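The values are calculated or read from the model by the stated rules, or taken from the named source; none is laboratory data. Note that this is a predicted model, so its numbers are computed, not measured. Cβ coordinates were reconstructed from backbone atoms using ideal geometry, including for glycine residues, and neighbour counts include every protein chain displayed.
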Amino acid sequence: MKKFLSLTAMVLVAATLVLSPALYAQDSVTIKDPAEFNAYQMATQQTDPHQKAAALESFVTTYPQSVVKDAVLDMLISTYQGLGEQDKALSAASRLLQDQPNNMKAIFISVFIKKQQCEKTQDAQACDDAAALAQKGLAAQKPADVAEDAWKQQTGLAFPIFQSTIALDYLVKKDYKSEIDAIRKELMLYTPEQATKGPALVDTIRLAEAYTKPGVKDLVQAVWFYARAWNFVPANFKAQIEPKLEYYYKVYHGNLKGLDDIKSQAAASVFPPGSFEIAKAPTPAELAHQAITGTPDLKTLNLSDKEFILANGSKEDADTLWAVMKDQLTPVPGTVVSADANTIKLAVSQDAKDANVADFIVNMKKPLTDKEIPAAGTVFGLLPNDNELDGTYDSYTQIPATATLSQRTEIVLRDGFIQEKKKAPVRKPAASHHKSRSRSR
């Protein structure tokens, strides 16, 4: 996801070019002081961006009341953006906003940079600052010297990013209802083409994820927006989205039949039509019973299905499956929630990962050293190069649903141990090969 997010930054930087109004035509201002005029000419005509930034800063310091001060600050924003010096670009934008509170370019750049800081740090204050400035941008009035068409173009680019920033602030606060509202407002502001890429596509994924959260869970909407995103993300990201799409569709519908049709519908529309619905699956207990009675060899069930049956099946069905699983050695593919020398607790099912709770507890055969204890967030057994955590099924407990968590199971394993995957050595060409090529030249 991080690489995908970085792609959106490129889109946003490109947008600043359109948000760069010609604040001051040179023939519309007169610099009366020859020294000031020469300093302005010298600064603005620099070709090296570092030298240009230094000269522009020097001009603002030397002539703080200049009639071209705001034009110079505007150039500073663009110059620092080109250099990738975000903090300095933010400083220049902040200074410009002191003179021009409704300057859309300065607001946009400030929001963009502060949003990046929020995404990177998840710091509540940084996110609040970004959202507050985004709200200010949404309420900004058109400056008198900006043409109506130019203002419409600027706000058309900026307003969706402002809504996205507000949504991110709500995400950090775990206010998913408000996050959903902000993202939906954002997606309404994009053209159909814009909604298939860049920040719109990132927030389509976030919208799908928000609809899976406790308190606002709506799996019909989650499936639609996961399907929508699946259609347009780069190929290497489909493998990250498809398991979630299939998981939530199967939880709601009971099987994958009809999902391809939903993918096709979602490709054609940002939002589902009012008539959109997904047939509800049988109850979890009914599904568990169907799996037990319809599977000739219960050993062939995958881990997620086994866990589902243990969590949701009747005691008779769960015990029937557990009789097959108990005392069997198994790998445990999941994400560490917590660990100490004797026990590793992991989230294995998607619901457990969403809630960051452990559904598998592995009691180790031998105590782990401090170096061996995995940190929270460590992943076992999901990718080819991940280390593998193994254990022997020992017991299970059905845990009733709460206000925030669905009914689930806690599975305990004994005699756990970690198998480290050996990384394949990097092969280097033989020295003699290089020599033979050298002699043939």
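Quick notes on this one:
- Residues in region 146-169 that are touching a residue at least 24 places away in the same chain (Cβ under 8 Å) and either outside any helix (DSSP H, G or I) or not assigned by TED's automatic domain parsing to the domain that holds Ser94 (or both): Val146 alone.
- Output for region 28-47, where each listed residue is assigned to a loop (DSSP other than H, G, I, E, B) and more than 22 Å from Met104 (Cβ to Cβ): Thr30, Ile31, Lys32, Asp33, Gln45, Gln46, Thr47
- Unmet requirement for Gln98, which otherwise passes all of (1) modelled with pLDDT of 90 or more; (2) crowded, with 16+ Cβ neighbours inside 10 Å; (3) not basic (Lys, Arg): (2)
- Checked against the criteria, Ser406 counts as among the small types (Gly, Ala, Ser), under 30 Å from Thr300 (Cβ atoms) and at pLDDT below 95.
- Of the helices (runs of 4 or more DSSP H) contained entirely in region 267-335, those carrying at least 2 residues that are in contact (Cβ under 8 Å) with a residue 24 or more places away in the chain and over 28 Å from Leu383 (Cβ atoms) fall at 284-294, 315-325.
- Selection count, region 265-319, where residues are basic (Lys, Arg) and surrounded by 14 or more Cβ atoms within 10 Å (Cβ to Cβ): 1
- Unmet criterion (only one of (1) closer than 21 Å to Leu256 by Cα; (2) in contact with a Phe, Trp or Tyr (Cβ under 9 Å, 6 or more places away or on another chain)) for Gly313: (2)
- Within region 368-381, the set of residues being out of contact with any Phe, Trp or Tyr (no Cβ under 9 Å at 6 or more places or on another chain), surrounded by 11 or more Cβ atoms within 10 Å (Cβ to Cβ) and part of a loop (DSSP other than H, G, I, E, B) comprises Leu368, Glu372, Ile373, Ala376, Thr378, Gly381.
- Residue that is surrounded by the fewest Cβ atoms within 10 Å (Cβ to Cβ), among those in region 78-95 that are closer than 19 Å to Phe162 by Cα and among the hydrophobic types (A, V, I, L, M, F, W, C): Leu90
- Flag if Glu179 is in a helix (DSSP H, G or I), at pLDDT 95 or above, touching a Ser or Thr at 6+ places or on another chain (Cβ under 7 Å) and not small (Gly, Ala, Ser): no
- Within region 92-106, considering residues that are of a type outside the set (Lys, Arg) and within 27 Å of the chain's Cα centre (by Cα), the one farthest from Ser58 (Cα to Cα): Met104
- Some residue of region 333-344 being in contact with a helix residue (DSSP H, G or I) (Cβ under 8 Å, 6 or more places away or on another chain), surrounded by fewer than 17 Cβ atoms within 10 Å (Cβ to Cβ) and either among the hydroxyl-bearing types (Ser, Thr, Tyr) or within 30 Å of Ala222 (Cα to Cα) (or both): no
- Helices (runs of 4 or more DSSP H) contained in region 194-260 and holding at least 2 residues surrounded by fewer than 19 Cβ atoms within 10 Å (Cβ to Cβ) and at pLDDT below 95: 235-253
- Where helices (runs of 4 or more DSSP H) fall entirely within region 48-111, those with at least 1 residues that are in contact with a Phe, Trp or Tyr (Cβ under 7 Å, 6 or more places away or on another chain) and more than 27 Å from Ala147 (Cβ to Cβ) are at 49-62, 86-99.
Okay, residues lined up against (1) of a type in the set (D, E, K, R); (2) assigned to a loop (DSSP other than H, G, I, E, B); (3) within 19 Å of Ala401 (Cα to Cα); (4) outside the structural domain of Thr300 (by TED's automatic domain parsing):
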position	(1), (2), (3), (4)
Val337	no, no, no, yes
Asp351	yes, no, yes, yes
Val357	no, yes, yes, yes
Lys366	yes, yes, no, yes
